[in-house]
Amino acid sequence: MTTYESEIKAISSSEEVVFGILSDLKNIEKLQDNPSLKDKAKELEFDSDSCSFAIEGFGKMGFRIVEREPFSTIKMVSENAPVEISVWIQLKAVAENDTRMKITLKADLPMMIKMMVDKKLQEGINSIAELLAKTLSAQIN
């Protein structure tokens, strides 16, 4: 398994509020109007436990929440992906209304594929973390 970790992002809210939003994927639906996502993902669909999307040249895939550890961790696994992928969203309160978030992605990538997508996956996980942090900070405040 290859591991990609986002930079740690600050969100201006309590970990309880952030967890409440992120643990229901229906709340993430608002991100589909973000211009930076429109070019990358199409056919976005959401319910409280799962999301799916199509990526040009890759096909349709999704993620399903398999575990929620209140106020600290949300674990997801891939569905319909060509490789096994797991994603953890970790939250930690550092002060009142100051939560830090890190996203970890683990993928079972064959070496040839890893060489082709390594940089894009690292950039992608950082972009998603940044987008979530900005959106949540703006949405909550």
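Checking segment 119-137 against the condition returns a match, with at least one residue being closer than 16 Å to ILE21 by Cβ, polar (S, T, N, Q) and assigned to a helix (DSSP H, G or I). Among the residues of segment 82-130, count how many are exposed (fewer than 12 other Cβ atoms within 10 Å of the Cβ) and of a type in the set (Lys, Arg). Qualifying residue count for the region: 2.
Among the residues making up segment 106-118, those that are free of Cβ contacts under 8 Å to residues at least 60 places away in the same chain and in a helix (DSSP H, G or I) are MET111, MET112, ILE113, MET115, MET116, VAL117. Take segment 49-73 and flag every residue that is at negative phi, at pLDDT 95 or above and out of contact with any strand residue (DSSP E or B) (no Cβ under 6 Å at 6 or more places or on another chain). Selection gives GLU69, PRO70.
Taking LYS92 as the residue in question, decide whether it is among the basic types (Lys, Arg), part of a strand (DSSP E or B) and closer than 26 Å to LYS42 by Cα. It is false that LYS92 is among the basic types (Lys, Arg), part of a strand (DSSP E or B) and closer than 26 Å to LYS42 by Cα.
For segment 55-67, the set of residues classified as touching a Lys or Arg at 6+ places or on another chain (Cβ under 8 Å) and surrounded by 15 or more Cβ atoms within 10 Å (Cβ to Cβ) consists of ILE65 only.
The values are calculated or read from the model by the stated rules, or taken from the named source; none is laboratory data. These numbers were taken from a predicted model, which means no experiment stands behind them. Counting neighbours? That spans all protein chains shown, and the Cβs are built from the backbone with ideal geometry, glycine included.
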